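The values are calculated or read from the model by the stated rules, or taken from the named source; none is laboratory data. What you are looking at is a predicted structure, and each value in this text was computed from that prediction instead of being measured. Note: ideal-geometry Cβ built from the backbone for every residue, glycine included; neighbour counts use all protein chains shown. For the accessible areas, the whole protein counts, side chains as well, though only heavy atoms, and no ligand, DNA or RNA atoms are used. Shrake-Rupley method; radii C 1.70, N 1.55, O 1.52, S 1.80 Å.
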Amino acid sequence: MNKVLIVDDSSTMRKIIQRVLRQADIAVDNVIEAANGVEGLAALESNPDIGLVLSDVNMPEMNGIDFVRNLRTTRTKEALPVIMVTTEGGGEMVNTAMELGANGYVCKPFTPESIRSALEPFVS
Amino acid sequence: MEDSLEDLSMQLSAAVDEITASMLPDAQFGGAAAAVDNPDTHRARIRFRGPLAGEVRLRCDPLAADSIARSLLMMGPSDPMSAEELRDALGEFTNLVSGAFKTRALDPRGTYTLSVPEWSPAEQPASGALQGAVGLAPAGGLARIEVWLDSAPARQESPGA
Ligand SMILES: [Mg+2]
């Protein structure tokens, strides 16, 4: 995977996700960070070669639900996999994100194993 | 809500256990949830809203704040950490605990939403009722995590209400 977008309002969580990607042996050449859905959409526009998105659900400005809804108007599930990374396992927000076109989800706190199994279908 | 609110306290404790075991393996539980309330206390909170409304609060002294943040960020004791990094890490810790608490205690009771973390330099006015508190003693510091319910719990939300 050459370019991954991590969308989370917490800079701490963005760091933790990058660390766990390394621990899970998921090779990523380039990580782009965004702090909310608005920044995420802007990052996708200026980096059309992003191949995978990991997005938080609960964020200010634009949450993960509206972010997925927006990006699915231009990018299909096949063209751009989106994995929700959320504290709300099984909650209504996750179900809504899946209905709107998220490809999967992983719950916080996560382990290298849970990240690897969520991302395996989408990373070469 | 027919079931006992006593559960909230136990479920907060279980949520804190879950998050500290996975994210802060070196933190030790304090015997009692000692009061943490000084001018240099760090505070963060997450609001929850649904059939019940309230908040999860974190308060910690500077030692505990530093320890929790460094554990989450995987920083060594002498690595430079900015005030913003510290603040963000404490907010995310509160967020993780709140998420685990929501899954255990709130989701079975209805549909709930969580706020993003809020920080306040001074104590929030105690407008509700304390339901439970958990003490942590990371690296010799003191932290306290509480769950509060608003004094007038929100009624079951209905369309247009
Ligand atoms: Mg968030």
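What single numbered condition from (1) buried (at least 20 other Cβ atoms within 10 Å of the Cβ); (2) free of Cβ contacts under 8 Å to residues at least 24 places away in the same chain fails to hold for residue A:53?
(2)
Which of the following residues is more than 18 Å from residue B:20 (Cα to Cα), modelled with pLDDT of 90 or more and either aromatic (Phe, Trp, Tyr) or not in a strand (DSSP E or B) (or both): B:85, B:55, B:92?
Result of the check over B:85, B:55, B:92: B:85.
Mind listing whichever residues of segment B:105-134 are modelled with pLDDT under 90 and farther than 18 Å from residue B:53 by Cα?
Within segment B:105-134, B:119, B:120, B:121, B:122, B:123 meet the criteria.
All but one of (1) closer than 29 Å to residue B:24 by Cα; (2) open to solvent by 10 Å² or more (accessible area, probe 1.4 Å); (3) under 13 Å from the mean Cα position of the chain (by Cα) hold for residue A:84, so report the exception by its number.
Every listed condition holds for residue A:84 apart from (2).
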